[in-house]
Amino acid sequence: MNNTLPQTLNNFKLFLATSIGNIFEMFDFFVFVFLSQVLATLFFPPAIGNLSLVFTYLTITVSYFLRPIGGVILGSLGDKYGRKSVFTLSILCTAIPSLVIGILPTFAQIGYLATFLLVLSRIFQGFSSGAELPGAITFIAEKYSQKNYYYYCAWIPFGANLSIAGGSLLIRVMTNSMNHDFLYSYGWRIPFLFGGLLAVIGFYIRRHIAETEQFQSLKQQKKLQKIPVFSLFARHKAAIALGTFLALIVSLITSIFHLFLPNLFIKYLNLSIQDSSGVSATGAIVLAIFILFFATLTHKFNPIRIAQLSIIGLIITFSLMVNKYIQLNNLHNFYIIVVSVSILIAGVNGVYAGLLVDLFPTDVRYSGVAVCFTVAATIGGGLTPLWTSAILTLTNNYIYIVWVCLIISIICLINLYYLKKYLSNKNCQLKI
């Protein structure tokens, strides 16, 4: 009993330190998306009308394009100098832009300088975020390499999805309790300031955690790569491709059904912001719960088989939708679809972090996971607001969006077949 309590407290501190950055990242991203109409009004010239919303979404996309660059550079530094140092720096660098946005003067006050500073803040944050979730996954997997690290890694996306639910509920409370004038003057600043302060707390906690034993061992043996990213692209091209497609389906499906469709359906289905955020919160909570459920199953079942069955379920669901057996024509059906998709994608979300770790050896693990995750996030999350809003604007039909989800699901199912063969033929650094 005396040994159990300190170990439990140490585990709690470790999970809090690793997950708080990703919690903040997803919270901040969600808030930016759902307040995009407010930000478009406040930070872009009134003369451009509805184009202001397009430019706000473009700001999200640009910041996402910086993620792979940040992932490559910071991930490589993490493989060379240690997970802890880069991991600690990344959360501070993601906190600062959020705090800046929270105190930023608007276009009405300082003109185009406000637009420039908003975009610059998101670019800097996008670069820094490239090392956040990959660092958390790498750190936890190496800390629990002698246990079921699939399960422990799953707590990272679990926390991220709870933060989406928290962001949804906060937006709901804000829109219910604030009048229009207060929301557009001071109210919109609250979540950015709150998120930034949360990340600063995370920075303080991370300063007091120890480096992973696997990295320390590699350092003592003087087996670290001089330039890890060069070694990564020279020796692990197949692993990068397999890992990117694995992470792509998670990024794409969750972005569409938890963020962008609920936001776009404010106009398409005439939903209120409260209804839209309620759909997102419900989907995120269901996803978080089932992430841990499927991660627990890895004790007894092959994680790739879990992911395969989940994607087959998604393919069936999307096929029914494109053939109009299931239609998103009212709020009730929207809830059903989002909950169903959340349960199914949780089967991939609960195991993909462990699979990404298995693809790369210790000397390039941080940078390898970072490249896969950030490229997938850029495609699945960064480009999504542009093409989904364009489809609904041009066609007024969400079915084309579902077709994209169906095609990507089929590709990712095929990818899992080759990923299984690749891991079977390789001596993984951890386990399969």
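The values are calculated or read from the model by the stated rules, or taken from the named source; none is laboratory data. No experiment lies behind these values; they were computed from the predicted model shown. Ideal geometry is used to build each Cβ from the backbone, glycine not excepted, and the neighbour counts take in all protein chains shown. Please note that ligands, DNA and RNA were not included when accessible areas were found on the heavy atoms of the full protein model with its side chains. Shrake-Rupley method; radii C 1.70, N 1.55, O 1.52, S 1.80 Å.
In region 293-312, which residues are buried (at least 17 other Cβ atoms within 10 Å of the Cβ) and either out of contact with any helix residue (DSSP H, G or I) (no Cβ under 6 Å at 6 or more places or on another chain) or part of a helix (DSSP H, G or I) (or both)? Full working, then the answer.
Applying the first criterion (buried (at least 17 other Cβ atoms within 10 Å of the Cβ)) to region 293-312 yields 294-295, 297-298, 303-304, 306-308, 310-311.
F294, A295, L297, P303, I304, I306, A307, Q308, S310, I311, listed by residue number.
When you scan region 136-155, how many residues do you find that are crowded, with 24+ Cβ neighbours inside 10 Å and under 19 Å from F294 (Cβ atoms)?
If we filter region 136-155 for residues that are crowded, with 24+ Cβ neighbours inside 10 Å, which is where we start, we get 136-141, 150, 153-154.
Narrowing further to those that are under 19 Å from F294 (Cβ atoms): 136-137, 140-141, 150, 153-154.
Of the residues in that region, 7 qualify.
Would you pick out the residues in region 150-169 that are over 12 Å from A136 (Cα atoms) and not β-branched (V, I, T)?
Listed by number, the residues that qualify are Y150, Y151, F158, N161, L162, S163, A165, G166, G167, S168, L169.
Residue by residue through region 73-84, note down the ones that are surrounded by fewer than 24 Cβ atoms within 10 Å (Cβ to Cβ) and either free of Cβ contacts under 8 Å to residues at least 40 places away in the same chain or among the aliphatic types (A, V, I, L, M) (or both).
Scanning region 73-84 gives I73, L77, Y81.
Residues are listed down the side, and each one gets a yes or a no for (1) at pLDDT 95 or above; (2) farther than 28 Å from L133 by Cα; (3) open to solvent by less than 10 Å² (accessible area, probe 1.4 Å):
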{"residue": "L320", "(1), (2), (3)": "no, yes, no"}
{"residue": "K324", "(1), (2), (3)": "no, yes, no"}
{"residue": "Q327", "(1), (2), (3)": "no, yes, no"}
{"residue": "V338", "(1), (2), (3)": "no, no, yes"}
{"residue": "I343", "(1), (2), (3)": "yes, no, no"}
{"residue": "G350", "(1), (2), (3)": "no, no, yes"}
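Without any contact (Cβ under 8 Å) to a residue 12 or more places away in the chain and closer than 23 Å to T282 by Cβ: does that describe N329? Let's see the steps before the verdict.
Details: without any contact (Cβ under 8 Å) to a residue 12 or more places away in the chain: no; closer than 23 Å to T282 by Cβ: yes.
No, not satisfied.
Is there a residue in region 260-276 that is open to solvent by 50 Å² or more (accessible area, probe 1.4 Å) and closer than 21 Å to A376 by Cα?
The answer is no, given that none of the residues of region 260-276 is open to solvent by 50 Å² or more (accessible area, probe 1.4 Å) and closer than 21 Å to A376 by Cα.
Exactly one of these conditions fails for G202: (1) under 20 Å from the mean Cα position of the chain (by Cα); (2) closer than 26 Å to I345 by Cα. Give me its number.
The one condition G202 does not meet is (2).
Considering each residue of region 132-172, count those that are within 16 Å of L16 (Cα to Cα) and outside any helix (DSSP H, G or I), and give that number.
Going through region 132-172 one residue at a time, the tally reaches 2.
If I go through region 43-60 residue by residue, how many of them are outside any helix (DSSP H, G or I) and among the aliphatic types (A, V, I, L, M)?
The number of residues fulfilling the criteria is 0.
Could you list, in sequence order, the residues of region 51-72 that are out of contact with any Lys or Arg (no Cβ under 9 Å at 6 or more places or on another chain), in contact (Cβ under 8 Å) with a residue 40 or more places away in the chain and β-branched (V, I, T)?
Within region 51-72, V54, T61, I69, V72 meet the criteria.
Tell me yes or no: at least one residue of region 88-99 is more than 28 Å from D363 (Cβ to Cβ), touching a residue at least 24 places away in the same chain (Cβ under 8 Å), of a type in the set (A, V, I, L, M) and buried (at least 24 other Cβ atoms within 10 Å of the Cβ). Break it down stepwise before answering.
Of all residues in region 88-99, those more than 28 Å from D363 (Cβ to Cβ) come to 95-99.
Then drop every residue that is not touching a residue at least 24 places away in the same chain (Cβ under 8 Å), which leaves 95-99.
Then keep just the ones that are of a type in the set (A, V, I, L, M); that gives 95-96, 99.
If we keep only those that are buried (at least 24 other Cβ atoms within 10 Å of the Cβ) too, we end up with 95.
Yes, that holds for at least one residue.
Just the residues that are at pLDDT below 85 and in a helix (DSSP H, G or I), please, taken from region 219-259.
H258, L259
Are any of the residues in region 174-185 free of Cβ contacts under 8 Å to residues at least 24 places away in the same chain, assigned to a loop (DSSP other than H, G, I, E, B) and surrounded by fewer than 16 Cβ atoms within 10 Å (Cβ to Cβ)?
yes
Got at least one residue in region 35-43 being crowded, with 23+ Cβ neighbours inside 10 Å, modelled with pLDDT of 85 or more and more than 22 Å from the chain's Cα centre (by Cα)?
yes
Among the candidates T374, T384, T393, T388, which residue alone is of a type in the set (S, T, Y) and closer than 30 Å to F215 by Cα? Full working, then the answer.
Working: T384 fails: closer than 30 Å to F215 by Cα; T393 fails: closer than 30 Å to F215 by Cα; T388 fails: closer than 30 Å to F215 by Cα.
Every option except T374 fails the conditions.
Could you pull out the residue among Y112, Y151, Y144 that is under 27 Å from R83 (Cα atoms) and touching a residue at least 12 places away in the same chain (Cβ under 8 Å)?
Result of the check over Y112, Y151, Y144: Y151.
Tell me which residues, restricted to region 205-233, are surrounded by fewer than 14 Cβ atoms within 10 Å (Cβ to Cβ) and either touching a Cys at 6+ places or on another chain (Cβ under 7 Å) or under 20 Å from E25 (Cα atoms) (or both).
Hit for region 205-233 is R207, nothing else.
When L271 is evaluated against the numbered criteria (1) touching a helix residue (DSSP H, G or I) at 6+ places or on another chain (Cβ under 7 Å); (2) part of a helix (DSSP H, G or I), which criterion, by number, is the only one it fails?
Among (1) touching a helix residue (DSSP H, G or I) at 6+ places or on another chain (Cβ under 7 Å); (2) part of a helix (DSSP H, G or I), the lone unmet condition for L271 is (2).
Scan region 186-201 residue by residue and report those that are closer than 18 Å to I91 by Cβ and open to solvent by 10 Å² or more (accessible area, probe 1.4 Å). Walk me through it before giving the result.
To start, the set of residues in region 186-201 that are closer than 18 Å to I91 by Cβ comprises 191-201.
Passing the criteria: L193, F194, L197, L198, V200, I201.
Have a look at A95, A108, A40 and point out the one that is closer than 23 Å to A210 by Cα and assigned to a helix (DSSP H, G or I).
On inspection, the qualifying residue turns out to be A95.
Regarding region 410-420, can at least one residue be identified that is within 12 Å of L242 (Cα to Cα), surrounded by fewer than 17 Cβ atoms within 10 Å (Cβ to Cβ), at pLDDT 90 or above and basic (K, R)?
No, region 410-420 contains no residue that is within 12 Å of L242 (Cα to Cα), surrounded by fewer than 17 Cβ atoms within 10 Å (Cβ to Cβ), at pLDDT 90 or above and basic (K, R).
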